[in-house]
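Undergrad: Have a look at this one before I ask anything.
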Amino acid sequence: CAARAVHVLSEIAKNEEMKKPCIEADLVLALIPLLESTDQEMLLHAGRAIGRICYDNRNLQEELVKVGVIPSLVRILTDYAESEPLVHVALLALYSLADLDSAKEALCMTKVAEQLVKQLRRAESHERLEIVFEVLQALAENDALKVQLVDAGVPEALSEILLRLQGSSQAEDTCIVKAASDLIVSLLLGGKKGNITGQVHKESTARTIVSILARCGNSQGKGSLNSEFASLVSIIVFLTSLTCLVLPLSSDGNCLRMFQLGVIHQLLDLLEKQVRSEDTSVQQAALSALQSLAIPVVSKVQILEEGIAERIEALLRSESPPVQFKLLGTLRMLADGQADAAEILGQDPLLLNRLVQWCSVSDPSGICGEANRLLASILHHNRSQEVVKAIQAAQGVKHLVSMTTSEHAALQTEALKALAIASAIDLETLEESFKESQLVQSLHKLLQDDNTSPEVKYNSMGLLCRLLNSGDLRQEIEEDKIKDTLEQLCSHGNANVVKEAITTLQVLRGET
């Protein structure tokens, strides 16, 4: 009898004009205790009646939260998870209340996140998914709830939905993919204060990222991801970089944790599977993440042990300038300060030949400059005679000599330092190339030019000191009358230039 009465009331509440009399009669407060009933029919009609009466009435909604409706709604989701009508009513109620701060605070004290994960995995209709998505999006605005949602596995559940729907051309599926993608990013990217969730919950965020990457990597064979899903994967991979870099003081630890969780395997798998894809967004994002991971010295060793040099060779054949640029930057970061990495890269004939090709390219994309920088970095950080010989054999030395005359002082300095170190390691191998490319004459012009920066002049003289160990190059230096220029530089305005000029003159005269 009571259930029938509540049913009638829920039907009456459908009429807008009848809502006011229901409110004035305090029927809502009378209905609240019925949400604790174990009678499913009673629960269903009471939930519908409350929802219809309180719809779009903020004051009543606030009152509902105060009298404890939130735990009752979560209990319905928990105890009657397989009852489609009851779940639907509970989700609609949560959706109506989720915008209230008081409701979010109340939900923090429940296990709503776990129940929403269950509903995501059980949902079969687009309508049900859309309701759950709306609830999740509202709850994700609260930082504490955001952490709970990540902990409960909401991003992983969403990624399962994405993998199930990817490739579909149906408009409804596309909308679901877009909404799920936005939700994953919202959950992982950060709270109102601009903090990535990883700052307060790095472990959970890292695990989630690796889990999603694993699913992405295993989703297809060698095929490419569709555009919506590729966009999501690109963002997820980007979050890998953020997780490693967001806290400068602990970034090394973050990177190592990502290694331990297997992120390098996932990134390299993605690169291999996407290498022939026309959409290069995933490749670019993955390379950016690897570049971030390669910043700490200890990480470089780990990445080398993963065989990165061998696994990314397919990317060397890429004709996409953005991918080429990212690849070069990633490899340069790997070689920076790491002799082992420089030695491995510097003895890879495929890489060296491709670098020399790129060094000869004249385009606005910056590939030529980045290729030269990688060659310089390999020589700079290398300590092996074999690498010097390999770069000479690949005809890369002439490009570094040209780099010494770049318009950018930083590039000039990188080239000069690299050539000085290479000369100290094996000048005999480089001698002919230096003569053919007129290195001595180029250095003299740099020293004579008043527009040359003090740092470039200083490093030019450092390289000259190395060249003086070759009889033929010493003769060129003497014939070009560099001695006169060095004597003039002894009165230069920069103290370091003066000191180096004096030292170079002493070496030239055989005084040291």
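The values are calculated or read from the model by the stated rules, or taken from the named source; none is laboratory data. In this text, all values refer to a predicted model and were calculated from it rather than measured experimentally. As a convention, Cβ positions derive from the backbone with ideal geometry for all residues, glycine included, and neighbour counts pool all protein chains shown. Just the protein is used for accessible areas: all its heavy atoms, side chains included, with ligands, DNA and RNA removed. Shrake-Rupley method; radii C 1.70, N 1.55, O 1.52, S 1.80 Å.
Undergrad: Evaluated at 25 °C with a viscosity of 0.890 mPa s, what Stokes-Einstein diffusion coefficient in µm²/s does the stretch 43-183 have when Rh comes from the Kirkwood expression over alpha-carbon pairs?
TA: Stokes-Einstein gives a translational diffusion coefficient of 160 µm²/s.
Undergrad: Please report the net charge: other residues with Cβ closer than 10 Å to the Cβ of residue 10, K and R +1, D and E -1.
TA: Taking every Cβ under 10 Å from that of residue 10, the sum is +2.
Undergrad: How much area per residue is accessible in the stretch 438-511 when the probe is 1.4 Å and only protein heavy atoms are counted (Å²)?
TA: So the stretch 438-511 comes to 52 Å² accessible per residue, rounded to a whole number.
Undergrad: Among 505, 473, 447, whose Cα projects farthest towards the positive end of the dipole of the stretch 438-511, with charges put on the beta-carbon of Lys, Arg (+1) and Asp, Glu (-1)?
TA: 505
Undergrad: Also, I was wondering about something else. What are the trypsin sites (Lys or Arg not before Pro) within the stretch 414-512 that DSSP puts in a loop, where the Cβ has at most 14 other Cβ atoms within 10 Å?
TA: Within the stretch 414-512, the qualifying trypsin sites (Lys or Arg not before Pro) (loop, at most 14 other Cβ atoms within 10 Å) are 481.
Undergrad: Let me ask something else. Note down the accessible area of residue 480, probe 1.4 Å, to the nearest 10 Å².
TA: 50
Undergrad: If ligands, DNA and RNA are left out, what is the accessible area of residue 428 with a 1.4 Å probe, given in Å² to the nearest 10?
TA: Its accessible surface works out to 150 Å², give or take rounding.
Undergrad: How much accessible area does residue 122 have with a 1.4 Å probe, in Å² rounded to the nearest 10?
TA: Residue 122 exposes around 80 Å² with every protein chain in place.
Undergrad: Top to bottom by accessible area (1.4 Å), largest first, where do 408, 126, 444 land?
TA: 408, 126, 444
Undergrad: Now for a different question. What does the charge add up to near residue 465, with Lys and Arg as +1, Asp and Glu as -1, over the other residues with Cβ less than 15 Å from its Cβ? Intermediate values should be presented prior to the final figure.
TA: Working: positive: 417, 457, 466, 474, 483, 499, 509; negative: 476, 478, 500, 511.
That sum, taken over residues with Cβ under 15 Å, equals +3.
Undergrad: Sorted by accessible area (1.4 Å probe), largest first, how do 172, 431 line up?
TA: 172, 431
Undergrad: Give me the extension gain from residue 81 to residue 24: residue separation times 0.36 nm, minus the current Cα-Cα distance, reported in nm with one decimal.
TA: On the way: separation 57, 0.36 × 57 = 20.52 nm, distance 3.35 nm.
Between residue 81 and residue 24, full extension yields an extra 17.2 nm.
Undergrad: Counting only protein heavy atoms and a 1.4 Å probe, tell me what percentage of the stretch 1-61's accessible area is made up of carbon and sulfur.
TA: Roughly 53 percent of what the probe reaches on the stretch 1-61 is carbon or sulfur.
Undergrad: Considering the Cα trace of the stretch 438-511, what is its radius of gyration and what is Dmax, both in angstroms?
TA: 11.0, 32
Undergrad: Let me ask something additional. Using the Cα centre as the reference, give the magnitude of the dipole from point charges on the C-beta atoms of the stretch 438-511 (Lys, Arg: +1; Asp, Glu: -1; all else neutral), rounded to the nearest 20 debye.
TA: Dipole of the stretch 438-511, to the nearest 20 debye: 180 debye.
Undergrad: If Lys and Arg each add +1 and Asp and Glu each add -1, what is the summed charge of the other residues whose beta carbon sits under 11 Å from the beta carbon of residue 327?
TA: After counting each charged neighbour, the total is +2.
Undergrad: Then there is this: Once the cut-off is 14 Å, how many percent of the Cα-Cα pairs in the stretch 312-372 end up in the long-distance tail? Walk me through the intermediate numbers first.
TA: Working: 990 of 1830 pairs.
Percentage above 14 Å: 54.
Undergrad: For the pairs 14/178; 435/483; 20/178; 273/300; 146/178; 14/146, flag any whose C-alpha to C-alpha distance is greater than 28 Å.
TA: Violating the 28 Å limit, Cα to Cα: 14/178; 20/178; 14/146.
Undergrad: Which percent of the Cα-Cα distances in the stretch 328-439 go past 19 Å? Could you put the intermediate results ahead of the total?
TA: Numbers: 2172 of 6216 pairs.
Of the Cα pairs, 35 percent sit more than 19 Å apart.
Undergrad: Under a 1.4 angstrom probe, counting protein chains only, how are 95, 80 ranked by accessible area, largest first? Can you show the working numbers first?
TA: Numbers: 95 105, 80 30 Å².
The residues order as 95, 80, largest area first.
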